[in-house]
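**Student:** I have a structure here, written as structure tokens, and I will follow up with some questions on it.
The values are calculated or read from the model by the stated rules, or taken from the named source; none is laboratory data. No experiment lies behind these values; they were computed from the predicted model shown. Note that we place each Cβ from the backbone using ideal geometry, even for glycine, and neighbour counts take in every protein chain shown. SASA here: full protein model, heavy atoms, side chains in, ligands and nucleic acids out. Shrake-Rupley method; radii C 1.70, N 1.55, O 1.52, S 1.80 Å.
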Amino acid sequence: MELRYRALEGMNDVLPEESARWQYVEACWRDHCHRYGYGEIRTPIMERAALFERSVGETSDIVSKEMYVLERGEERYALKPEGTAPVVRAYIEHGMYASGSVQKLYYITPFFRGERPQKGRYRQAHQFGAEIFGAAHPLADAELLAMVMAFFAQLGIPDGALELRLNTIGCPDCRPAYRDAVRQFAQANFARLCKNCQSRLERNPLRILDCKECVEITASAPPIDPYLCDGCRTHFETLQGLLKTLGVGYVRDHRLVRGLDYYTRTTFEVIAEQGLGSQNALCGGGRYDGLVEQLGGPPIPALGVGIGVERTLLVLQALKVPLPKPPCLHAFVVAFGDSARPIALQLAQQLRTAGIACDLDLEGRSPKAQMRLANRSGARYAILLGETELATATATVKDLASHEQTAVPQAELATWIHSRLP
Ligand code: HAM
């Protein structure tokens, strides 16, 4: 059969077997965020395009090349290309700063980037995100990083499979001098830079530092350390001390500048050694102390992280980390003869109301075909309903593994099954 419609390139369907794995990692993320005092935030899938242009940055690849923009009348909307800007917008819009205390918000969101699809890189992908508002102290950076690494550990990813890379990119006070130093370095090496870096040299010279094509050249680029102001230096040193106290291992990466314009001070990524090929960043984040104010709110410091859900699942698969099996049916109701079918449907309904996962044939199949369905369904019990059972208001419960059969009054069936479930 020729397919009339296919999913768009880079946008994937998640089928039931796979979605059980998604549900598992999602539940872990929710549980984990709850333990650290976060509340969930859900924001719309679309925002005004200007929100992302103002925050992620007009010259960033995400906004200038990858954003899906829709125009309706005078308005320009964008499918969210990341999760942070909408959360900041909501934080300001709902006056969440008014409480004066630290706010921790987590989310699970789809996002859209028109990139060339490849393994681990999609046009609709999903992120686990966490954002902290109102905490300027490096304690917040340390807690966030510890939480991220503990999440991966909780999923069963061994420590050695991941590398936390950490950097600081200073603040608007000290970064301009560093940017000039990198520009000068790049100008001195202009001919060796890739075309993309040559063209962004004037607009966004720091991005040259994380260009994969120019790694050999940028290995000798100047580090930011001598340019940091006292505040940024102290913040970074304190953070490193706290990470040591917490036993969170990291590697300093002088070139980690990130592709979104809103960052200040701390930037970080977690790289997976296996399972992701060239798209090896499992998560990324950092501080964005100026963004709330830039988007029209009060001057509130903030920081956060985005973790790729698909990439997390790819790493778990590559490392063969066993995930719990999806729950299967407890029971499958089998009707012997047409007169038993309505009672079978009614009994299934009662069992479901009592919290038992059960199913039955919906096509009027023969008892033999129904038994085949019961065996294939993975259910532990087949509930057999024939003339005798109808006459005595019982059901014959067949254990599909041991083949043992027991007559149970229909009214006691739910309790009987419940008492035998693990
Ligand atoms: P990001 O580094 O652009 O940061 O994305 C975070 C993570 O999303 C990446 O590390 C990667 O795992 C995943 N990801 C990114 N693009 C794709 C794609 N095309 N296909 C599959 N997965 C992808 C942010 O988005 C920031 N909002 C993170 C943040 C939160 N910073 C502060 N708070």
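**Student:** What share of Cα pairs, in percent, lie more than 17 angstrom apart in region 92-134?
**Tutor:** In whole percent, the share of Cα-Cα pairs in region 92-134 beyond 17 Å is 50.
**Student:** If you don't mind, there's one more thing I want to ask. Find the accessible area per residue for the chain; the probe is 1.4 Å, ligands and nucleic acids are left out, and the unit is Å².
**Tutor:** Per-residue accessible area for the chain comes out at 50 Å².
**Student:** Right, something else. Within the chain, how many Lys pairs that are eight or more residues apart, or on different chains, come under 16 Å at the alpha-carbon?
**Tutor:** 4
**Student:** Hey, another quick one. Per the 1.4 Å probe, what fraction of the accessible area of region 266-404, in percent, lies on carbon and sulfur atoms?
**Tutor:** Percent of accessible area from carbon and sulfur atoms in region 266-404: 54.
**Student:** Do the sum for the chain: with -39,500 (n - 2.57) for every DSSP H run of n ≥ 4, divided by all residues, what is the mean residue ellipticity at 222 nm, to the nearest 500 deg cm²/dmol?
**Tutor:** Calculated from helices alone, the mean residue ellipticity at 222 nm is -10000 deg cm²/dmol.
**Student:** Which angle between 0 and 90 degrees, to the nearest 10, do you get for helix 16-35 versus the longest principal axis of the chain when only C-alpha atoms count?
**Tutor:** 60 degrees
**Student:** Oh, and also: Once a ≥ b ≥ c are taken as the square roots of the eigenvalues of the Cα gyration tensor of the chain, is the result rounded (a/c under 1.5), prolate (a/b larger than b/c) or oblate (a/b not larger than b/c)?
**Tutor:** Taking the square roots of the gyration eigenvalues as a ≥ b ≥ c, the chain is prolate.
**Student:** Next question. Using only Cα atoms, find the angle between the long axis of helix 230-246 and the longest principal axis of the chain, and express it within 0 to 90 degrees, rounded to the nearest 10.
**Tutor:** On a 0 to 90 degree scale, this one is about 40.
**Student:** Same structure, new question: Using protein chains only and a probe of 1.4 angstrom, how many square angstrom of ASP173 are accessible, to the nearest 10?
**Tutor:** Near enough 130 Å² of accessible area.
**Student:** Please give the peptides 363-373, 145-155 ranked by average Cβ packing (other Cβ atoms within 10 Å per residue), highest first, as a rough proxy for protection.
**Tutor:** Packing order, densest peptide first, comes out as 145-155, 363-373.
**Student:** In addition: Roughly how tilted is helix 309-318, in degrees to the nearest 10 and between 0 and 90, from the longest Cα axis of the chain?
**Tutor:** Approximately 70 degrees, to the nearest 10.
**Student:** Could you sort TYR38, TYR77 by their accessible area in this structure, using a 1.4 Å probe and putting the largest first?
**Tutor:** Largest to smallest exposure gives the sequence TYR77, TYR38.
**Student:** Sorted by mean Cβ packing within 10 Å, highest first, what order do the peptides 339-348, 53-62 take?
**Tutor:** 53-62, 339-348
**Student:** Label-point separation (nm) for ALA50 and GLN350, each offset 7 Å from Cα along Cα-to-Cβ?
**Tutor:** Between ALA50 and GLN350, the label points sit 6.3 nm apart.
**Student:** Related question: How high is the relative contact order of the chain, in percent, counting Cα pairs under 8 Å that sit 6 or more residues apart?
**Tutor:** Computed over the chain, the figure is 15 percent.
**Student:** Write out the cysteines belonging to the chain for which the nearest other cysteine Cβ is not under 4.7 Å, or none if no such cysteine exists.
**Tutor:** Isolated Cys, the chain: CYS28, CYS33, CYS171, CYS194, CYS197, CYS232, CYS283, CYS328, CYS358.
**Student:** Hey, another quick one. Which listed residue (CYS214, TYR77, ALA90) has the Cα farthest towards the positive end of the charge dipole for the chain, taking +1 on Lys and Arg C-beta and -1 on Asp and Glu C-beta about the Cα centre?
**Tutor:** Selected residue: CYS214.
**Student:** Based on the alpha-carbon gyration tensor of region 195-307 and its eigenvalue square roots a ≥ b ≥ c, which shape applies: rounded if a/c is under 1.5, prolate if not and a/b is larger than b/c, or oblate?
**Tutor:** Verdict is rounded for region 195-307.
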